[in-house]
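Step one of this worksheet: look at the structure below.
The values are calculated or read from the model by the stated rules, or taken from the named source; none is laboratory data. Computed from a predicted structure; not experimentally measured. Because the Cβ atoms are built from the backbone with ideal geometry, glycine has one as well, and the counts that use them run over all protein chains shown. Ligands, DNA and RNA are excluded from the accessible area calculation, which covers all protein heavy atoms including side chains. Shrake-Rupley method; radii C 1.70, N 1.55, O 1.52, S 1.80 Å.
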Amino acid sequence: RYEPTWASLDARPLPAWFDEAKFGVFIHWGVFSVPSFGSEWFWWYWQKEKRVPYVKFMNTNYPPGFSYEDFGPLFTAEFFDANQWADILNASGAKYVVLTSKHHEGFTLWGSKYSWNWNAVDVGPKRDLVAELAASVRNRTDLHFGLYHSLFEWFNPLFLEDATNAFKTRNFPTSKSLPELYEIVTKYQPEIIWSDGDGNAPDTYWNSTGFLAWLYNDSPVRDTVVTNDRWGAGSICAHGGFYTCSDRYNPGHLLPRKWENCMTVDRGSWGYRRDARLSDYLTIEDLVKQLVETVSCGGNLLMNIGPTHDGRIAVVFEERLRQVGAWLQVNGEAIYGTKPWRAQNDTVTPGVWYTFSPEKGKLNAIFLSWPVSGILELGVPQPKLGETQVMLAGYKELLKWVALGEKGMVIALPQLTPQQLPCQWGWTLQLTDVN
């Protein structure tokens, strides 16, 4: 059994499925999806920081005295179709999904008895959105279902009172945040608890170690659940399950512990923005590059989309998800279930990243631009004459290569028209029997 101490909890082995999965989809959806302007931090930027664009947006478009709470009934979700979402998630090639059950605004997407009249069953959709998506994901896909949960809430009077008392009182976590966590685990049995938002309070204030000890010892998901590292000030990149370290974290080198790169398709926001421009969205080339770099260095990629207030996954997000799925259909062997190799990227040719498939003994060299010469030079792998074989994923014939002694090898790529290429945005060479 795990003790409620970091020494004990940090020693828990991470369930194997998480490292094998490599790719998940993050979904930021809530009342912030109604103004859908600027950022999911809309309420804070408008009311607390009083940033000019937000104040101006409200003054221009809403009557005097309109409060953030008034957005609640406008979060309608009339087009939300959990089956359709599940099918899009499945088509992306993702192996897990993490839905925001509650962001820093405090609004819960399930009918929480600890969030009276500020939840999706009492206000707005009048539906349990968490239950609907959980059911569809489990019925229609093999994805692992996870939930994001914010520990703190910007404007909750109980939290503000505890903060004023320098967190010597613990009214907010005991009456709100912790009961919610126990509630979502017991009710929805998520296999990921993605914690966030410590409000600068230490993990002792949140009783994070007590909750995690219960989660790992006695909860209905104790054997399969994974958690991140955001459990109180000072715990990030230091304690918990896998490390996130910061948003959009992509170190470019191996880390001693399993980590995740959580990032957004929209560079400017996690929630949906009606004011986003096409240039704000990462291209499929950008996304493939992020995925390949992250997996080569032992991480998972958690790619975020923000649905609309009426429950649609915007077409641009759907297209990106389906494009990643199409790429993984061809190159998935170089991603899923792989381990980092002795080198993460090539020494001679930039934009070549390595992964290793232990079951098949294959070295995967993923290259992000097709050389004009049709020749690819690899500085790291050392081939064995008469033994090493080189394949291009999605192409049937063996490729010819020449050894360069200590300096690696040169591979002749097949001469293909753009239509004949196995995919459009990054390609995988599979090498067997290399030193």
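Give me the pairs, please: first residue somewhere in segment 83-99 and assigned by the TED database to the domain that holds Arg138 and at pLDDT 95 or above, second residue anywhere and open to solvent by less than 10 Å² (accessible area, probe 1.4 Å) and among the basic types (Lys, Arg), beta-carbon distance under 7 Å, and either six or more positions apart or on two chains.
These pairs meet every condition: Lys95/Lys22.
Can you find a residue that is part of a helix (DSSP H, G or I), surrounded by fewer than 24 Cβ atoms within 10 Å (Cβ to Cβ) and free of Cβ contacts under 8 Å to residues at least 12 places away in the same chain anywhere in segment 19-36?
First, pick out the residues of segment 19-36 that are part of a helix (DSSP H, G or I): 19-21, 31-33.
Okay, now just the ones that are also surrounded by fewer than 24 Cβ atoms within 10 Å (Cβ to Cβ), so 19-21.
If we keep only those that are free of Cβ contacts under 8 Å to residues at least 12 places away in the same chain too, we end up with none.
No, segment 19-36 has no match at all.
Under the condition of being among the aliphatic types (A, V, I, L, M) and out of contact with any Leu (no Cβ under 7 Å at 6 or more places or on another chain), which residue from segment 128-143 is surrounded by the most Cβ atoms within 10 Å (Cβ to Cβ)?
Filtering segment 128-143 for residues that are among the aliphatic types (A, V, I, L, M) and out of contact with any Leu (no Cβ under 7 Å at 6 or more places or on another chain), the one surrounded by the most Cβ atoms within 10 Å (Cβ to Cβ) comes out as Ala134.
Can we say Pro53 is outside any helix (DSSP H, G or I) and either open to solvent by less than 30 Å² (accessible area, probe 1.4 Å) or out of contact with any strand residue (DSSP E or B) (no Cβ under 8 Å at 6 or more places or on another chain) (or both)? Write out each step before concluding.
Values: outside any helix (DSSP H, G or I): no; either open to solvent by less than 30 Å² (accessible area, probe 1.4 Å) or out of contact with any strand residue (DSSP E or B) (no Cβ under 8 Å at 6 or more places or on another chain) (or both): yes.
No, not satisfied.
Output the residues belonging to segment 290-333 that are part of a helix (DSSP H, G or I) and touching an Asp or Glu at 6+ places or on another chain (Cβ under 6 Å).
Taking segment 290-333 first, the residues part of a helix (DSSP H, G or I) are 290-296, 315-333.
Passing the criteria: none in range.
What's the number of the condition Phe172 fails, among (1) crowded, with 16+ Cβ neighbours inside 10 Å; (2) touching a residue at least 12 places away in the same chain (Cβ under 8 Å); (3) under 23 Å from Ala82 (Cβ atoms)?
(3)
Filter segment 198-240 down to the residues that are open to solvent by 10 Å² or more (accessible area, probe 1.4 Å) and either modelled with pLDDT under 95 or closer than 30 Å to Lys289 by Cα (or both) and list them by number.
Of everything in segment 198-240, those that are open to solvent by 10 Å² or more (accessible area, probe 1.4 Å) and either modelled with pLDDT under 95 or closer than 30 Å to Lys289 by Cα (or both) turn out to be Thr224, Arg230, Gly234, Ile236, Cys237, Ala238, His239.
Which of (1) of a type in the set (Lys, Arg); (2) part of a helix (DSSP H, G or I); (3) within 22 Å of Gln430 (Cα to Cα) is the odd one out, the single condition Lys360 does not satisfy?
Against the list (1) of a type in the set (Lys, Arg); (2) part of a helix (DSSP H, G or I); (3) within 22 Å of Gln430 (Cα to Cα), Lys360 comes up short only on (2).
Taking segment 276-291 on its own, how many of its residues are free of Cβ contacts under 8 Å to residues at least 24 places away in the same chain and either touching a helix residue (DSSP H, G or I) at 6+ places or on another chain (Cβ under 6 Å) or farther than 29 Å from His253 by Cβ (or both)?
Step one: list which residues in segment 276-291 are free of Cβ contacts under 8 Å to residues at least 24 places away in the same chain, which gives 276-277, 279-280, 283, 286.
Add one more test, that the residue is either touching a helix residue (DSSP H, G or I) at 6+ places or on another chain (Cβ under 6 Å) or farther than 29 Å from His253 by Cβ (or both), and what stays is 276-277, 279.
Matching residues across segment 276-291 total 3.
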